[in-house]
Amino acid sequence: MLAGDAPRVKRREPDIQENVARIVQSSSKSAVQPLIFHSFWRDPVLWSLIIGGLILRVTYNLVLHSGYDPTSTFIIDEREYFGAAHMLAEGRGFSFFDTALWIRPPLYVVMLAGVMRFAGTSYLPVLLLQSLLSAATLLSLGWLAWRVAGRGPARWAVGLGALFLPFTLFAGLLLSETLFTLLLAVTLVALLRAREALSGGLSKSLPWLVASGILLGLSALTRATALGFLPLAALWLAFPAWKNLGLSSGVAQAKLGQEGSWIRMRILAASLMVSACLVTLIPWTVRNYVAYGKFVAIDTTGGYNLWLASVGVRDEERLQADYRAIPNQADRQAYAYGRAWENISADPMGFLGKGLKESLDLWKPQFGSEERQVRAYTLGRVPGWHLLSLLFFDDFLYVVILCLSVVGLALASPHPLKGLTGLWVLLWVLISFIFFAVTRFRLPIVAALLPWAGIGANLLVTSHGRVAMFRKLSLPLKAASTATLLAILLVTVPEIQLPETLRGVERWGQQEGYRKGEGLLRQGDVQGAISAYRTANQEITDTRYALAAAYIQAGEAQLALSKLSADEPADRFEPAIIRGEAARQSGDLESARSFFNAREVNVAGDAALRWAWDHLSPIYPGVDVIELGSGLDIGYVRGFYGTERDQDGRTFRWSSEHPEIRGNRDGSAELRITWSGWRPAGLPLAHPGILTSQVQQDSTYIPLVTELSSAPSWTETAIDLGMARETPLKISVNSFIGAGNDPRLLGVRISRVEVSKP
């Protein structure tokens with residue numbers, strides 16, 4: 001460049017900046033002037049919506065779970081994340097994955113372990129943290145809408161996101177989606193800022209480029225599928241969109257000083273972003289290489305999922321059995337990819353058809369998906385208000401968001417975020433095509449579309465904006481937008497299960513008497529419980545089983561057995577427990593033991609023990625010994641797992657963190673407990689504390705806590721209970737996770753509890 005040209009180029013810089021500002025102006029009347037971006041952080045309506053969304057997430061999940069800890073009823077991948085995080089919090093690193101079925105990305109595990117390190121396994125801290133992350137996601141998505149089109153669209157985007165129920169439900173689940181969605185939103189913010197800053201040169205864009213790469217790397221370390229977005233984002237950065245910036249090639253060359261340097265700068269910028277992303281992955285990749293001796297970039301779920309997809313998503317138990325037979329995780333992955341390729345090569349058209357079907361299924365509402373938490377809705381277990389909330393704020397709102405986003409993308413002024421959003425959606429369609437579609441895959445899609453849904457909503461409620469922008473559309477774009485809207489309605493609306501929702505609401509109402517009876521039975525009002533159960537739906541198994549248990553407590557065993565049929569569902573443990581309790585009441589302990597040790601009871605583990613605890617009252621005079629794992633302990637214990645035997649044939653049960661035992665303890669007594677606090681090498685031994693209540697001379701009770709000394713082998717410990725009241729013995733113990741192939745939260749092994757009078 002000649003020295004005399006410098007002043008001319010300098011005078012052109014304001015025009016370039018004006019062009020950059022122009023692409024981020026609003027298409028509505030409220031944003032005629034260039035945006036003052038810092039005012040986003042001062043908008044009271046936006047902050048009110050975000051705080052409202054935060055409160056909704058916490059409150060909704062607490063009310064939905066009705067006070068019980070959802071970590072006792074894991075769904076989907078929750079148990080694996082919980083187990084891996086607990087082992088990490090124990091100081092055992094990522095060894096969970098060494099014996100698990102596969103390796104998962106580590107970042108969510110690290111976050112969850114951090115919470116456990118300070119707050120234990122309590123649910124509330126995790127819920128609060130994830131609700132904050134979800135609210136921060138709304139903030140980022142609102143910022144994107146504001147950056148593109150101004151205040152009104154931002155408010156709409158945040159409002160829609162605050163009400164969209166899946167965001168709320170996932171904040172209450174131990175799944176990586178909430179963290180992943182936040183990282184996605186912040187990554188989009190950083191990529192957009194990086195592209196905007198490139199107009200001022202590479203040096204101004206460098207911090208945002210590095211941040212984009214790191215954030216994309218962290219996203220991949222949360223869900224490995226995000227790594228597929230890396231080349232797409234790089235292409236988006238490298239593409240020389242001169243037209244979008246309102247620049248001629250001559251102006252761009254003059255500003256940068258030489259022929260073609262504008263394109264080279266963009267390629268260099270994309271390379272810097274990619275490099276930052278890959279550097280972020282290096283520590284975890286190195287860890288995997290050290291652990292397994294072979295290259296594993298992030299996780300090994302992709303190989304298994306592709307193999308499962310290649311066989312039509314069936315025979316999963318057989319596939320997992322073959323997978324477990326291979327000890328090395330990297331070898332498992334290679335084996336899975338090999339088998340998948342064999343299946344695809346043998347029937348490519350079948351795989352193509354499967355892919356097209358899954359790509360379509362990605363967009364369909366799924367009433368019974370696990371994350372919706374509607375299991376057993378036909379039994380009346382799911383609150384009617386939750387089912388209606390899913391109908392309006394999940395299914396219907398999902399369709400509305402899709403339609404509004406089409407309107408926003410079609411009518412809004414040209415903007416680079418459009419292309420970035422399209423690439424992100426395309427990635428998830430391809431993932432569904434290659435693997436399979438699951439409901440939670442839609443969460444990052446909806447998140448990316450929310451800014452455009454906000455823009456679309458704002459345009460539709462602003463008459464001048466709607467009319468003016470629609471007139472600008474070309475005929476092909478009008479046709480494409482109309483066809484897309486019709487396709488969305490045709491694909492999604494027929495899949496909304498209104499009849500099933502209404503059926504669940506009806507069943508919830510019919511079971512009001514059942515829920516009342518459950519409360520009365522726990523209070524000891526057996527006759528009141530029976531009367532309440534009779535007002536509930538007698539065809540529902542929950543009602544029949546609870547009524548039968550109440551009849552047994554009332555001494556009417558034959559009437560209880562008449563409530564059972566010969567062909568009860570094979571997966572229900574209650575009939576075996578009812579028959580066993582009837583036999584125990586009649587004195588036939590051998591038959592009782594046989595029923596209590598039925599496979600369905602033992603497989604159910606603590607779920608069966610808790611039901612028996614709530615519905616039986618097996619406190620009989622002279623019963624002073626409880627043999628755990630014998631079967632006859634049913635009704636006396638909860639917070640334990642299924643029956644096991646040691647190498648000497650001794651039966652026992654592993655406890656959870658807070659097990660309970662009840663028995664006949666009238667007056668002064670001594671408790672003898674046979675237990676073992678064994679732990680894997682490197683972990684501290686168990687230190688259980690036993691909580692009882694001691695009666696005083698004035699008939700008041702005070703708590704009594706007895707700490708047991710460490711005992712790695714079987715030990716009998718005597719505890720003086722004094723004048724103990726007849727309440728459960730509550731045990732609290734430092735727990736641990738067995739391994740990836742046994743992700744139970746284990747406390748101590750207990751074999752026998754005996755109460756003896758001095």
Using the Karplus equation 6.51 cos²θ - 1.76 cosθ + 1.60 (θ = phi - 60°), what ³J(HN,Hα) coupling, rounded to whole Hz, does each residue of the stretch 347-363 give in order, writing x for Gly and Pro?
9, x, 5, x, 5, 5, x, 4, x, 5, 5, 5, 5, 6, 5, 3, 8
Where the stretch 330-482 is the region considered: accessible area per residue in Å², 1.4 Å probe
41
Given Cβ charges of +1 for Lys and Arg and -1 for Asp and Glu, the option among A270, G302, P688 whose Cα lies farthest towards the positive end of the dipole of the chain is A270
So, with +1 on the Cβ of K and R and -1 on the Cβ of D and E, and no other charges, what is the size of the charge dipole of the chain about its Cα centre, to the nearest 20 debye?
3700
When the chain is reduced to its Cα atoms, the Kirkwood hydrodynamic radius in Å:
29.7
Gain upon complete extension [V311, S271; 0.36 nm per residue less C-alpha separation]
10.6 nm
Among A546, S676, Y335, which residue has its Cα furthest toward the positive end of the charge dipole of the chain, with +1 on Lys/Arg Cβ and -1 on Asp/Glu Cβ?
Y335
Using a 1.4 Å probe and counting only protein heavy atoms, arrange M349, M116 so the residue with the most accessible area comes first.
M349, M116
Using θ = phi - 60° and Karplus 6.51 cos²θ - 1.76 cosθ + 1.60, couplings along the stretch 143-152 (whole Hz; Gly, Pro as x):
4, 4, 4, 5, 5, 7, 9, x, 5, x
Using R₀ = 56 Å, calculate the FRET efficiency as 1/(1 + (r/R₀)^6) where r is the Cβ-Cβ separation of I282 and D648; round to 0.05.
0.70
Can you run phi through the Karplus equation (6.51, -1.76, 1.60; θ = phi - 60°) for the stretch 200-212 and list ³J(HN,Hα) in whole Hz, with x for Gly and Pro?
x, x, 5, 5, 6, 8, 3, x, 6, 5, 5, 4, 4
Just going by the charge dipole of the chain, with Lys and Arg at +1 and Asp and Glu at -1 on Cβ, which of S203, I731, V603 is farthest out on the positive end?
S203
Leaving out ligands and nucleic acids, and using a 1.4 Å probe, what accessible area per residue does the stretch 113-163 come to in Å²?
32
Two pseudo-spin positions, 7 Å from Cα along C-beta at R324 and at D614, lie apart in nanometres by 3.0
Out of residues 5 or more away from R744 or on other chains, whose amide H comes under 5 Å of its own, with H placed 1.01 Å from N in the peptide plane?
G738, A739
Which whole-number percent gives the relative contact order of the stretch 44-129, counting Cα pairs below 8 Å spaced six or more residues apart?
28
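Report, in deg cm²/dmol and to the nearest 500, the calculated mean residue ellipticity at 222 nm for the chain, where each DSSP H run with n ≥ 4 adds -39500 (n - 2.57) and the sum is divided by the residue count.
-18500 deg cm²/dmol
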Pop out the carbon and sulfur fraction of the accessible area of the chain as a percent, whole number, probe 1.4 Å.
61
Accessible area expressed per residue, the stretch 505-651, with surrounding protein chains retained (probe 1.4 Å, Å²):
45
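Which shape class, rounded, prolate or oblate, goes with the stretch 91-228 when its Cα gyration tensor gives a ≥ b ≥ c as root eigenvalues, a/c under 1.5 marks rounded, and past that a/b bigger than b/c marks prolate?
Because a/c hits 1.5 or more and a/b fails to exceed b/c, the stretch 91-228 counts as oblate.
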What is the spread of the Cα atoms of the stretch 312-459 along each of their three principal axes, largest first, in whole Å?
56, 47, 29
Considering the Cα trace of the stretch 548-684, what is its radius of gyration and what is Dmax, both in angstroms?
15.8, 54
Rank by packing, highest mean first: peptides 671-682, 503-514, with packing defined as the count of other Cβ atoms within 10 Å averaged across residues.
503-514, 671-682
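The values are calculated or read from the model by the stated rules, or taken from the named source; none is laboratory data. Note that the coordinates shown come from a computational prediction; the quantities given were computed from them, not determined experimentally. Here Cβ is always computed from backbone atoms with ideal geometry, including for glycine, and neighbour counts include all displayed protein chains. These accessible areas exclude ligands, DNA and RNA; they are computed on the full protein's heavy atoms, side chains included. Shrake-Rupley method; radii C 1.70, N 1.55, O 1.52, S 1.80 Å.
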